[in-house]
């Protein structure tokens, strides 16, 4: 049992699955539920029990009862999960407002799967791709293994200077995140966010080359050593720089700060860009002009299901565009396919899930597919290119900066 000490900590949740099979592929139209597992809905993985929640939970029970040892085969199954949390939304034994059973207080799928991944990492069964990624995070302070100086490159195209929060006092730290700062395809997210904050005259700054990865990818893939290292470094920086308020445009950073750092933030306020902007526009009566576009919104799993964050982006999109919703939205939304380390280790699987989500978007006949997560942005953009879709991938901040009146 020492080999699965992380799983033992969530044993009561892990053993709460009654193997009812409701998570297999449920259809509940009145609740907007059309399927559950994004992995199970592809042709990449076989349609076996192990590739949806009930099968995974049966394997976990066998591990806890010492009938199955940890192995590379088990790792291969559990790392093909995006940890999107969709199964938890429909489980009769989870904290689910849609299914009000007296005993629905136990199941915590994502927490349990991440605990098993932590044990798999410690037992030496982490995928090679994740080992390389987390090694880079530990040594280079970002999972891409890039020079930290490059985290400031996106600022060079701006016609204004951003405060250096490591040297100057700021009201808000804009925590950019590694993907927005370092990926050319999502750099626009950081630039648009900064432009909005500058235009609204918000007192903000960035850490630039001193910004340490939040550690989300390490936590999601089970490397607690690397995650705790990132957490400790960030908390140290936040305290030294007297950071009291953080704005982030990354759903992964937001979820990690809010849920995984938890009490470690010790009073530091964390808001997502869309939440901050929505509130600011209301309080300061800032007008937005209507754009001549039809949009549809993709809910990032880390914002939506993980943090119950659905309304601010939609409120803004309804103001500045004609918003057409997909069939699967909010708690029932289909994952983009990139999360949980899947894009890194199983790129074909991530692509197939992305293509399925793009089909959802195309069915709305919108012209723009909008999200509020650079990781979703990146994977959905890859899917758009692969399918040859005419949809344009936009981050919400791109549209806001276009709609802000002088």
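Only the coordinates and a few stated rules stand behind these numbers; no lab work does. Because the structure is a prediction, the values reported are computed rather than measured. Here Cβ is always computed from backbone atoms with ideal geometry, including for glycine, and neighbour counts include all displayed protein chains.
Brief remarks follow.
- Label sites at residue 311 and residue 12, each approximated as a point 7 angstrom past Cα along Cα to Cβ, lie 3.2 nm apart.
- Percent of C-alpha pairs per 10 Å bin in the range 2-125, short distances first: 13, 47, 32, 8, 0.
- Entry note, the range 145-258: relative contact order of 35 percent, from Cα contacts under 8 Å with a spacing of 6+ residues.
- The distance separating the Cα centre of the range 277-341 from that of the range 180-234 comes to 20 Å.
- FRET efficiency for the pair residue 30 and residue 2, taken as 1/(1 + (r/R0)^6) with r the Cβ-Cβ distance and R0 = 51 Å, rounds to 0.60.
- Dividing the radius of gyration of the alpha carbons in the range 215-358 by their Kirkwood radius gives 1.01 for Rg/Rh.
- Of all DSSP beta bridges confined to the chain, the antiparallel ones make up roughly 10%.
- Taking 119, 201, 308 in turn, the Gaussian network model of the chain (Cα-Cα springs below 10 Å) assigns the largest fluctuation to 201.
- Counting every other Cβ atom within 10 Å of each residue's Cβ, 18, 121 order from fewest to most as 18, 121.
- When only Cα pairs below 8 angstrom with a gap of at least 6 residues are kept, the chain shows a relative contact order of 17 percent.
- Using the rule -39500 (n - 2.57) for each DSSP H run of four or more residues, divided by the residues of the chain, the 222 nm mean residue ellipticity is -12000 deg cm²/dmol.
- Gain on full stretching of the segment that runs from residue 147 to residue 95 - 0.36 nm per residue minus C-alpha separation: 14.5 nm
- Spin-label model distance (nm) - residue 160 vs residue 48, 7 Å beyond Cα toward Cβ: 5.6
- In plain terms, the residue of 37, 253 with the fewest other Cβ atoms within 10 Å comes first and the most crowded comes last, giving 37, 253.
- Nearest 10 degrees, 0 to 90: helix 224-240 Cα axis against the chain principal axis: 30
- Most mobile listed residue (120, 369, 281) in the chain, GNM with C-alpha springs under 10 Å: 281
- Per-pair calculated FRET efficiency, R0 = 41 Å: residue 348 and residue 240 via Cβ, rounded to 0.05: 0.40
- On Cα atoms only, tilt of 187-199 relative to the major axis of the chain in degrees: 50
- Here the range 138-280 yields Rg over Rh of 0.93, to two decimals, using C-alpha coordinates and the Kirkwood radius.
- This ranking places 373, 368 by how few other beta-carbon atoms lie within 10 Å of each, fewest first, which gives 368, 373.
- Paramagnetic reach from residue 66 (point 7 Å along Cα→Cβ, amide N under 15 Å) across the range 1-35: 1-5, 8
- Selected from 262, 76, 159 as most flexible by GNM, with the chain as the system and alpha-carbon contacts under 10 Å: 159
- Given (i) 30; (ii) 16; (iii) 10, the label whose value is percent of Cα pairs over 42 Å apart derived from this model: (iii)
- For the chain, the longest principal axis of the alpha carbon atoms and the long axis of helix 311-320 meet at an angle near 40°.
- Evaluated at q = 0.13, 0.14, 0.18 Å⁻¹, the base-10 log of the normalised Debye intensity for the range 205-292, with identical point scatterers placed on the Cα atoms, takes the values -0.50, -0.56, -0.82.
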